[in-house]
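> Handing you this structure, nothing more for now.
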Amino acid sequence: MSHHLVIAENLSYSYPDGTRALDDVSFEIHHGESVGLIGPNGAGKSTLINHLNGYLLPTSGQARIGDIVINKKTRQDIRKTVGVVFQNPDDQLFMSRIYEDVAFGPENLGLPPQVIEDRVKAALSLLNMWPLRDKAPHHLSDGQKRAAAIATVLSMDPDVLVMDEPSSNLDPKSRRKIINFLNEFEHTKIIVSHDLDLIWDCCKRTILLKDGKVEADGPTEEILKNKELLEGCNLELPFRFQGDGF
């Protein structure tokens, strides 16, 4: 399953104004891994995930999915394998009905109508959103919008799921639903979040970015219990460990 590998090799990126957002980032994520991507604001997290399906292309180095280097020629095919759920669900919900939003991707793949319907129903049902399929996005709660945005990606049947701040603006019940869904997703997951308790619950491995560089990469338990490491990156221990003598 080499096509499930997510690889960054000496990946660097500078924005047009000269800001260096990524600096020689390297890692390899294997099929089925659940990886948290954490770091302070401005560390390069969103810039990094935007390289994983070709929304951005590196200044130097490369990102690969298996043996395929992500570039202008390959990024359309890569997006069939890597699904990205953005921080703001409104970026992915633009049709008049949720059903149409979730069907949009499969329709653009040219799939037969019955296959499209099956995919839409499966994606929405997985997130308990099928009864709301005819709702307009602006009539949904924040949690429902988040679920609908995830469904737009799941309908593409991705091998790699990338989520940017999946728990932002969610009430506790909706947050727990997202955690349960992530833990049930069987393929590769890369989760960007400031919610370190969510990272603890969902990810066995964590990559910590600071100033566009990999500051640490290892088991989540080791990184999220390292108070000195986290504080050096302007982060705090997960709430569950605060006040426990760490």
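No lab work stands behind these numbers, since they all come straight from the coordinates. These numbers come from a predicted model, not from an experiment. Glycine also receives a Cβ, built like all others from the backbone with ideal geometry; neighbour counts cover every protein chain displayed.
> Only helices at least 15 Å long along their axis, Cα-based, and averaging -1.0 or more on Kyte-Doolittle count here, so list those DSSP H runs from the chain.
On the way: long enough: 98-108 (16 Å, -0.36); 113-126 (20 Å, 0.20); 142-154 (18 Å, 0.25); 172-184 (18 Å, -1.08).
The answer, listed by residue number, is 98-108, 113-126, 142-154.
> Where does the longest stretch of the chain lie that holds no trypsin sites (Lys or Arg not before Pro) found in a DSSP loop with 16 or fewer other Cβ atoms within 10 Å?
Working: sites that count: 72, 73, 80, 97, 135, 204, 225.
It works out to 1-71.
> May I ask you to evaluate 6.51 cos²θ - 1.76 cosθ + 1.60, the Karplus curve with θ = phi - 60°, for each residue of the stretch 68-80 and list the ³J(HN,Hα) values in order in whole Hz, giving x for glycine and proline?
Whole-Hz 3J(HN,Hα) from phi for the stretch 68-80: 9, 6, 7, 8, 4, 7, 9, 5, 5, 5, 4, 5, 7.
> May I ask you to sort 228, 28 by Cβ crowding, counting other Cβ atoms within 10 Å and putting the fewest first? The partial results should precede the final answer.
Values: 228 7, 28 12.
Listing 228, 28 from fewest to most nearby Cβ atoms yields 228, 28.
> If you take the square roots of the eigenvalues of the alpha-carbon gyration tensor of the stretch 19-131 and sort them as a ≥ b ≥ c, do you get rounded (a/c under 1.5), prolate (a/b over b/c) or oblate? List each step's numbers first, then the result.
Numbers: a/c = 2.13, a/b = 1.73, b/c = 1.23.
The shape class here is prolate.
> Further question on the same structure: Sequence-distant or interchain residues sharing an amide H contact under 5 Å with residue 216, placed H: which?
208
> Let me ask something else about it. Only bridges whose two residues both fall in the chain count here: according to DSSP, what percent of them are antiparallel, nearest 5? Please report the intermediate quantities before stating the final value.
Details: 19 of 36 bridges.
Around 55 percent of the beta bridges assigned by DSSP in the chain are antiparallel ones.
> Still on this structure: DSSP beta bridges in the stretch 58-199, what fraction antiparallel, as a percent rounded to 5?
Values: 2 of 11 bridges.
Roughly 20 percent of the beta bridges in the stretch 58-199 run antiparallel, per DSSP.
> With a cut-off of 8 Å between alpha carbons and a minimum separation of six or more residues, what is the relative contact order of the stretch 52-150 in percent?
Details: 89 pairs, mean separation 26.2, N = 99.
Value for the stretch 52-150: 26 percent.
> Here's a follow-up. Could you work out [θ]222 nm for the chain from helices alone, using -39500 (n - 2.57) per DSSP H run of at least four and dividing by all its residues? Round to the nearest 500 deg cm²/dmol. Present the calculation step by step, with values, prior to reporting the outcome.
Numbers: 9 runs with 77 residues, N = 246.
So the helix-based figure for the chain works out to -8500 deg cm²/dmol.
> Moving on to the next point. Dipole magnitude of the stretch 86-209 about its Cα centre, charges +1 at Lys/Arg Cβ and -1 at Asp/Glu Cβ only, in debye to the nearest 20? The partial results should precede the final answer.
Working: 14 positive and 19 negative charges, 64 e Å.
With Lys and Arg at +1 and Asp and Glu at -1, about 300 debye.
> Let me ask something additional. Largest first and in whole Å, give the semi-axes of the chain's equivalent ellipsoid, each being the square root of 5 times a Cα gyration tensor eigenvalue. Working shown, then result.
Numbers: eigenvalues 171, 106, 48 Å².
The equivalent ellipsoid of the chain has semi-axes of 29, 23, 15 Å.
> Counting only C-alpha contacts under 8 Å and six or more residues apart, can you give the relative contact order of the chain as a whole percent?
25 percent
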